Amino acid sequence: MSHTFQYDWFTGHIPLFERYLSDLRGRASYVLEIGCHEGRSSTWLLENVLTHPDSRLTAIDIYVQPSYWDNVKASGGAGKTELLVKPSREALRGLPLGQYDFVYIDGSHWTIDVLEDAVLAFRLAKVGAILAFDDYLWDDPSYNQEGVPKEAIDAFLHIYARKIKVLEQGYQVWVRKLAD
């Protein structure tokens with residue numbers, strides 16, 4: 001079975017995923033993905049990072065794309081994946097604190113939503129975990145009536161400066177959680 005993707009907003013970021021997540025490969029790891037769309041990043045994570053039988057992926061999206069589960073199944077990761085179909089601000093409040101080794105924040109692009117995702121996800125990440133934000137420089141006037149991710153990510157970086165180490169800051173921002 002092969003993957004079926006209509007869009008590719010992920011492939012260009014694979015070098016960052018490889019650089020910062022290679023230590024998780026083959027270990028029992030927990031990954032949280034906020035915004036999963038068709039599952040392009042989900043399937044890559046399942047095939048390249050979450051290779052240990054006890055690894056788990058929790059994905060959150062407000063809508064299930066028709067191809068999501070087929071793509072996850074094609075990656076062999078259906079038994080490792082939980083999809084929460086609800087707004088992230090609701091889903092994140094029900095997840096266990098300090099559980100995740102990696103959190104990928106790529107849901108809503110609105111400023112308040114991104115900031116809320118960052119703050120809530122920070123508590124869900126283990127000390128030492130990696131948090132990555134997509135679309136730091138995204139600005140599409142036809143969709144940004146409620147702001148852009150950059151303002152929220154900058155606020156998070158400033159407020160949490162003593163608890164994180166910035167690893168990468170380009171179109172994506174990658175940080176390591178140093179303390180609760």
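Count the net charge of all other residues whose Cβ sits under 14 Å from the Cβ of A161, scoring Lys and Arg as +1 and Asp and Glu as -1.
Net charge around A161: +4.
What whole-number distance in Å separates the alpha-carbon centres of the stretch 17-71 and the stretch 91-122?
15 Å
Could you line up E90, E33, E168 from fewest to most neighbouring Cβ atoms inside 10 Å? Could you put the intermediate results ahead of the total?
Working: E90 11, E33 25, E168 16.
Ordered from fewest to most neighbouring Cβ atoms within 10 Å, E90, E33, E168 come out as E90, E168, E33.
Tell me the relative contact order for the chain as a rounded percent, counting alpha carbon contacts under 8 Å between residues six or more apart.
Once normalised by length, the contact order is 18 percent.
Would you calculate a helix-derived [θ] at 222 nm for the chain, using -39,500 (n - 2.57) for each DSSP H run of n ≥ 4 and dividing by the full residue count, to the nearest 500?
Dividing the helical sum by the residues of the chain leaves -8000 deg cm²/dmol.
Cut-off is 10 Å between beta-carbons; in what order do V103, V64, V49 appear when sorted fewest neighbours first? Can you show the working numbers first?
On the way: V103 27, V64 15, V49 23.
Ranking V103, V64, V49 by Cβ neighbours within 10 Å, fewest first, gives V64, V49, V103.
If the only charges are +1 at each Lys and Arg Cβ and -1 at each Asp and Glu Cβ, what is the size of the charge dipole of the chain around the Cα centre, to the nearest 20 debye?
Working: 18 positive and 25 negative charges, 169 e Å.
The dipole of the chain has a size of about 820 debye.
Below 29 Å, Cα to Cα, which lysines can K80 reach? Residues fewer than 8 away in the same chain don't count.
K126, K177
When the convex hull of the C-alpha atoms of the stretch 56-111 is computed, what volume per residue in Å³ does it have?
Expressed per residue, the convex hull around the Cα atoms of the stretch 56-111 is 102 Å³.
Read the figures in this text as sums done on the coordinates, not as results from a lab. Values in this document were obtained by computation on a predicted structure and should not be read as measured data. As a convention, Cβ positions derive from the backbone with ideal geometry for all residues, glycine included, and neighbour counts pool all protein chains shown.
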